[in-house]
């Protein structure tokens, strides 16, 4: 069966510090991978998605970037965090077929102070 | 510009009664709709979905209704249980050129079921 791992679960970082969140999927090949953010009062916002190694699409301009160095690995990064980057970050995957649901990781609560 | 709207941020229901969560959308291209349930500090989990070719889908205590003309869908939970207390997200996607687009989520509705 497929599983998705996301870490760390919580993170407190000072403004201006770098960020690296990692997500890996097991039990499937060539998944579509996604990064979402849940900010207070804003629901689930799609940040990035990837349909293959090295292929990244950005949905919103921001202080963050994403990379996919391996088939089942998706990394969310920032060189300098802003206060507004605080939120609950979720990694998700699917196989990209028709009418398919997303499977989410357990999330990372990021607090930028 | 929100394409998927959940206008009620919270809902409180007595155990055993019906919970009705509502969702409106603006993009007439949406043809697949889902409901997710989320507990605090956890990732959302899939609950139920409906394709635009249907107007109702039922799974145990959960039923989703779709009204395409009104661009409205609702999730009914009967009977409601305290364990149903969570945030419920409505999501939608469209097919473009044969490919399914990304899911667009609403802001969520926090359901509290009181014993």
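Numbers at a glance
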| item | result |
| --- | --- |
| Residue within the range B:47-57 that is free of Cβ contacts under 8 Å to residues at least 40 places away in the same chain, away from chain A (no Cβ under 14 Å) and in contact with a strand residue (DSSP E or B) (Cβ under 8 Å, 6 or more places away or on another chain) present | yes |
| Top-ranked residue in the range A:102-113 [being within 11 Å of chain B (Cβ to nearest Cβ) and buried (at least 20 other Cβ atoms within 10 Å of the Cβ); ranked as farthest from residue B:34 (Cα to Cα)] | A:108 |
| Residues (surrounded by 14 or more Cβ atoms within 10 Å (Cβ to Cβ) and in contact with a helix residue (DSSP H, G or I) (Cβ under 8 Å, 6 or more places away or on another chain)) located in the range A:14-38 | A:19 |
| The listed residue being free of Cβ contacts under 8 Å to residues at least 60 places away in the same chain and closer than 23 Å to residue A:41 by Cβ, out of B:73, B:66, B:103 | B:73 |
| Some residue of the range A:1-12 being surrounded by 12 or more Cβ atoms within 10 Å (Cβ to Cβ), over 27 Å from residue B:9 (Cα atoms) and facing another protein chain (nearest Cβ under 10 Å) | yes |
| Residue tally, condition farther than 14 Å from residue A:35 by Cα and crowded, with 20+ Cβ neighbours inside 10 Å, over the range A:60-85 | 1 |
| Odd one out for residue A:19, checked against (1) modelled with pLDDT of 95 or more; (2) within 14 Å of chain B (Cβ to nearest Cβ); (3) more than 28 Å from residue B:30 (Cα to Cα) | (2) |
| Residue check for residue B:104: within 12 Å of residue B:30 (Cα to Cα), crowded, with 16+ Cβ neighbours inside 10 Å and within 11 Å of chain A (Cβ to nearest Cβ) | yes |
| Residue match in the range B:54-76 (condition: under 26 Å from residue A:92 (Cβ atoms), buried (at least 18 other Cβ atoms within 10 Å of the Cβ) and touching a helix residue (DSSP H, G or I) at 6+ places or on another chain (Cβ under 8 Å)) | no |
| Of the criteria (1) surrounded by fewer than 17 Cβ atoms within 10 Å (Cβ to Cβ); (2) in a strand (DSSP E or B); (3) at pLDDT 95 or above, which one residue B:95 fails | (3) |
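The values are calculated or read from the model by the stated rules, or taken from the named source; none is laboratory data. Quick caveat, the model's predicted, so the values are computed rather than measured. Positions of Cβ are generated from backbone atoms using ideal geometry, with glycine treated the same way; all protein chains shown enter the neighbour counts.
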